[in-house]
Amino acid sequence: MLESKNCDQVTLAGRDGALTEVEDLLRRQRLVTVTGPGGVGKSALAGALARRPGLGPDAVVARTDLAPLLDPGLVPHWLARAFGMDGPAGKPQLAALAEALGDTPALLVVDTCEYLAERCTEVLTALVDACPRLHVLATSRTPLRTPGLYPLPPVPLDVAAGLFTEYARQLDAEEAAPDAVRRICALLDGLPLAVRIAAGQLAHRSAADVLAGLTRAEAALDLPATAPGLPGLPARQRSLRDSLGWSLRLCTAEERLLWARLSVFPGSFELAQVLEICGDELLPPGPLVAAFTGLAWQSLIEPQPDEEEGTAFRMPRATRAYGRQRLSLSGEERELVNRFLVWTLRAS
């Protein structure tokens, strides 16, 4: 069986540059948030940095995951528990933790801040201000509003193919043809979680079968991350549908509606096009622009620089498939497809 630490090391393939850049940023800013879509490898990167001696061999290292936490008021207590501390009765926990840490060299890694992003911003900023030798590395699908932000992108196709091959090797699966592996990884947009899930299918399917299934984007959503020999994943990452559902719960009603409507675009799009096709009385210009910004902020749409026409965006394939299913369920699919076709004919 592949141990969790070794699994992180596999996931970190091709991330040497990111590791160095985040470590350098952490030295300068002392509070850094690694952001990016679900399954891109934020937690693996943070875990690797926690194991590095970059902040000094004497630094105290603490790590916690806020995914189970529902009450924003308990964030300071959760962080104190990560350090093995319990504040004195009658004293605010944040003040007690800051006093206990003092000028001790320390690294605090806080995973899954997205549902408590506002509170995490407040608490972590206060801790860093009060403790001059504390460095904090947070991971969040929604960036914390602090200066130290590091967006972590999906991996390049060659790296994704290497990840797929290594996961398959750990499963003792039959070696897949390089061309099939690259085509599978291209369909998965280089997302490490998706690559791992697809590779896990080789425990009971051929690479050709996996590739054939993935030609329908919807098929990728429900592939389970339950391959024997690979360590388990948190509930939010046991399938791409689970991961995208976790992100959906972070969205406002307008962002959810726009996510579904954007799924009619098969390729890139610009805001002006989105306003024309997706806007109406339910999504007037102001709320639509805010929703568009929110989806980009949460890495649910990605900028695609276009030298001729400015900045275009695209929606990753699985994200689009998830949105298209929601559009179908909403009863708006035919209307939005018609709007897109009318716009395409007029623009051609």
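The values are calculated or read from the model by the stated rules, or taken from the named source; none is laboratory data. Given the structure is predicted, the values throughout are model-derived calculations rather than measurements. FYI the Cβ positions are ideal-geometry reconstructions off the backbone, even for glycines, and counts take in every protein chain you see.
Let me confirm something: among Arg205, Arg182, which residue is of a type outside the set (Gly, Ala, Ser), in a loop (DSSP other than H, G, I, E, B) and more than 30 Å from Ile277 (Cα to Cα)? Criteria check complete, one pass: Arg205. Among the residues of segment 274-288, the ones that are buried (at least 17 other Cβ atoms within 10 Å of the Cβ) and in a helix (DSSP H, G or I) come to 5 in all.
Yes or no, residue by residue, for (1) touching a residue at least 24 places away in the same chain (Cβ under 8 Å); (2) assigned by TED's automatic domain parsing to the domain that holds Ala177; (3) over 22 Å from Pro303 (Cβ atoms); (4) within 23 Å of the chain's Cα centre (by Cα):
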{"site": "Ala203", "(1), (2), (3), (4)": "yes, yes, yes, no"}
{"site": "Asp209", "(1), (2), (3), (4)": "no, yes, yes, no"}
{"site": "Ala217", "(1), (2), (3), (4)": "yes, yes, no, yes"}
{"site": "Glu255", "(1), (2), (3), (4)": "yes, no, no, yes"}
{"site": "Glu281", "(1), (2), (3), (4)": "no, no, yes, no"}
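For Arg52, the conditions (1) under 29 Å from Arg236 (Cα atoms); (2) modelled with pLDDT of 95 or more; (3) surrounded by fewer than 21 Cβ atoms within 10 Å (Cβ to Cβ); (4) of a type outside the set (Asp, Glu) all hold with the exception of (2). Annotation for segment 116-134: no member residue is closer than 22 Å to Leu221 by Cα and touching a residue at least 40 places away in the same chain (Cβ under 8 Å).
Scanning segment 158-173 for residues that are buried (at least 16 other Cβ atoms within 10 Å of the Cβ), in a helix (DSSP H, G or I) and not β-branched (Val, Ile, Thr) returns Ala160, Ala161, Gly162, Leu163, Phe164, Glu166, Tyr167, Ala168, Gln170. Given the residues Leu230, Leu300, which is the only one that is crowded, with 21+ Cβ neighbours inside 10 Å, at pLDDT below 95, in contact with a helix residue (DSSP H, G or I) (Cβ under 7 Å, 6 or more places away or on another chain) and part of a loop (DSSP other than H, G, I, E, B)? After applying the criteria, what remains is Leu230. Filtering segment 136-150 to residues that are surrounded by fewer than 23 Cβ atoms within 10 Å (Cβ to Cβ) and either within 16 Å of Arg28 (Cα to Cα) or not assigned by TED's automatic domain parsing to the domain that holds Thr33 (or both) leaves Thr146, Pro147, Gly148, Leu149, Tyr150.
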